[in-house]
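Some notes on the structure that comes next.
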Amino acid sequence: MSRLPVFLFLIAFAAAPIAHAAEHVIDIFRPEKVVHPVALPLFEAGAGADPKLAAAFPEAIGKDLEFTGLFTRVDRNAYLEKPGTVKADGTGTKWEDWTVLKASLLVRGAFRLDAGKISAKVWVFNVADGAKLGEHQTAETPDRAWILAHRLADAVYEIATGEKGIFSSRLAFINNRTGNKEVFSALFDGSREAGITKNRSINLSPSWSPDGAKISFTSYVRNHPDLYFYDRKADKFFRVSDRAGINIGGVWSPHGKVMAATLSSEGGTPDIYLMGEDGKGAKRLTDHWASDVAPTWSHDATRIAFVSDRGGTPNVYILKIGEKEATRVTFDSNGAGKDNQSPSWSPRGDRIAFQSRMGGAWQILTMKPDGSEVRQLTAQGNNEDPVWSPDGRLLAFIHDGRVWVMEADGTNARQVVAGGGASSNVSWSPRLAW
C-alpha cells in the first residue's frame, strides 16, 4: 500500500476440457509439502513443426512446474530411455527406467503443424503404477508458441493435482525506472515485462479485474489522485472517479462490475465506498472520523478487510457488507505489530496476508480472517504489499524495492522481476484467457 498523505488440435480460444483421472497424485494443500520429481522426455515432433520445440516445450513446462515449489525436474542426462524409442501416448514405456530415477510423474508430449497452428498434446502418467492420469490437447499460432507452452504446463498441473494452474496469470506493479512511477505488467514468473502507463506521472496501486481484462490504478496525471482502469483488449484507459479529495485503492469484487475504493469527497475523511466500475452509484460503506483505506474482498464477496487508524495506529479491520460496525483483527498482543497495513485476502478465503512494522522494518504476516493463527513469513529487509496467487499457494510481495514471490508458508522466496528502478504495489491477476 502506498503511504499517501492520509496515512499516507484445437483452436487457441477453445481448447479441449482437461481430461484427468478421478484420483490425483498430489494434494497441494497438505500440511507437509512433498516435492515430486517429474520426468519430461523430448516431445515427439510431427510434420512441418519446428523440431527445436521438441526440447523447448518440456523445458518450459518443467520450469513452470518448478516455480510452484511442488515439483523438481529429473536430470535429462540421467534418462535411461533413448529419445524416440517410446510413443508419446506412453505405449512401450519401461516403467522401471523411471522408477529407478525416483520420478513421481512422467510427462510426454507431441506436436505438429496443423492448418497454420501448432497443435500440441500432453499425456501425464503416475510412475508408481504406470497409470495415465490424463491428457490434454491445445493449439496456437507459431509466433505464440510461448503461450502454448504455458497452457500445456497449466494442463499438466491440473491433471496432476486437480487444481487450476497459475501459468497464465500475470503480475502488475509500479516501477520508477523511467523517472516516474508507471504501471508495468509481467508474466507470473517476471518474464515478458511490458509497460502499461506512459503518462510520466505518479501512478499507484494497480489491481486486476476478476476476468483479468482490466487493471485499475490511481494516477496523478491530472495533478489529482483519480481512479482509472486500463482495458487490455481495447488498449484504452478509462477514468472511473475524479471526485474531490482522494480516489484510491480501486479493487473489483470477485463477482466483477462492482469496485471498492477509498474516497474523501464527503466531509474530507477517507472512507470505503462501493461503486460501479464506471464510477457511478457510489455507496458509502464506512463512516468514521478516522482514515479507512486499502480495501480487499473476501473470496465470496460478503466481507471487506481494510486498514484504519481508528484505534490510534493503522490496523486491519473487517466489515461485513450491509453492516455498519467493523471488527479489528490485528493486535500486537496476538503476534502482529502495532502498525499493520496492506491486507490481501486469499482467494481460498482461509487467510489474510498483511505487512506489519516490526523492529523498524516491514514484514509479511498471515492470519485467519478472525485474527487468529498469526504467522510471520519474512524477517530480513523490508517486505511489503503481499498479494496471493490465483490458487492461494503463493504470495508476491515487494522485498527492498524488488518484486519477489514465496510460498504461503514463507519458504522458497526469490526475486522474479529483473530490471532497474524501485518497484512497489504488486498485484497478481487471476488466470487469463490470453
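The values are calculated or read from the model by the stated rules, or taken from the named source; none is laboratory data. Model, not experiment: these values are computed from the prediction. Because the Cβ atoms are built from the backbone with ideal geometry, glycine has one as well, and the counts that use them run over all protein chains shown. When the accessible area is computed, the model is the full protein with side chains, heavy atoms only, and any ligands, DNA or RNA have been set aside. Shrake-Rupley method; radii C 1.70, N 1.55, O 1.52, S 1.80 Å.
Taking 22 Å as the limit for the C-alpha separation, the pairs K63/K198; K33/K368; K214/K280; K198/K257; K233/K320; K164/K198 exceed it in the case of K63/K198; K198/K257; K233/K320; K164/K198.
Treating r as the C-beta distance of S265 and D409 and R0 as 51 Å, the FRET efficiency rounds to 0.75. Between K94 and K52, the simple label model (points 7 Å from Cα in the Cβ direction) yields a spacing of 3.3 nm. Projected onto planes of every orientation and averaged, the convex hull of the alpha-carbon atoms in segment 287-390 covers 6.4 nm².
Between H288 and A418, what FRET efficiency follows from the Cβ-Cβ distance if R0 is 51 Å, with the result rounded to 0.05?
About 0.75, to the nearest 0.05.
Extension gain, R200 to R222: 0.36 nm times the residue separation minus the Cα-Cα distance gives 6.8 nm. The translational diffusion coefficient of the chain, from Stokes-Einstein at 37 °C and 0.692 mPa s with a Kirkwood hydrodynamic radius over alpha carbon pairs, comes to 143 µm²/s.
In deg cm²/dmol and to the nearest 500, what is the mean residue ellipticity at 222 nm of the chain if only DSSP H runs of at least 4 residues count, each as -39500 (n - 2.57), divided by the residue total? Rounded to the nearest 500, the figure is -2500 deg cm²/dmol. Residue-wise HN-Hα couplings along segment 41-46, as the Karplus relation 6.51 cos²θ - 1.76 cosθ + 1.60 with θ = phi - 60° gives them from phi, are x, 4, 6, 7, 8, x Hz; Gly and Pro carry x.
Per-residue surface analysis assigns Y79 an accessible area of about 40 Å², computed on protein heavy atoms at 1.4 Å probe radius. Counting only heavy atoms of the protein chains and using a 1.4 Å probe, H136 has close to 10 Å² of accessible surface.
A 1.4 Å probe, protein heavy atoms only, puts the accessible area of R73 near 80 Å². Could you tell me the calculated FRET efficiency between Q380 and K87, based on Cβ-Cβ distance and R0 = 41 angstrom, to the nearest 0.05? In this case the efficiency is close to 0.25.
Using the Karplus relation 6.51 cos²θ - 1.76 cosθ + 1.60 with θ = phi - 60°, the per-residue 3J(HN,Hα) values for segment 143-156 come to 6, 10, 4, 5, 5, 4, 4, 5, 5, 5, 5, 4, 5, 4 Hz, with x marking Gly and Pro. Potential lengthening of the chain between E325 and A115 amounts to 69.6 nm, from the contour at 0.36 nm per residue minus the alpha-carbon distance. Under 19 Å of direct C-alpha separation, and excluding same-chain neighbours fewer than eight residues apart, K94 reaches these aspartates and glutamates: E44, D75, E81, D129.
The order of K121, K233 by accessible area, most exposed first and with a 1.4 Å probe, is K233, K121. If you average the alpha carbon positions of segment 30-108 and of segment 146-201, how far apart do those two centres end up, in angstrom? Here the two parts' Cα centres lie 25 Å apart. For K87, give me every one of the lysines with a C-alpha distance below 18 angstrom, ignoring sequence neighbours fewer than eight places off in its own chain. The reachable lysines, counting only those whose Cα sits under 18 Å from K87, are K121, K132. Applying both filters, DSSP loop and at most 10 other Cβ atoms within 10 Å, to the chymotrypsin sites (Phe, Trp or Tyr not before Pro) of segment 248-304 gives W289.
Rg/Rh for segment 114-260 to two decimals, with Rh computed the Kirkwood way over all alpha-carbon pairs.
Details: Rg = 19.6 Å, Rh = 17.8 Å.
Ratio value, two decimals: 1.10.
The mean accessible area for residues of the chain, using a 1.4 Å probe and ignoring ligands and nucleic acids, is 42 Å² per residue.
Cross-link reach is defined here as a Cα-Cα straight distance under 20 Å, omitting same-chain residues fewer than 8 places apart; for K181 the aspartates and glutamates meeting it are E193, D226, D231, D235, D242, E384, D385, D400.
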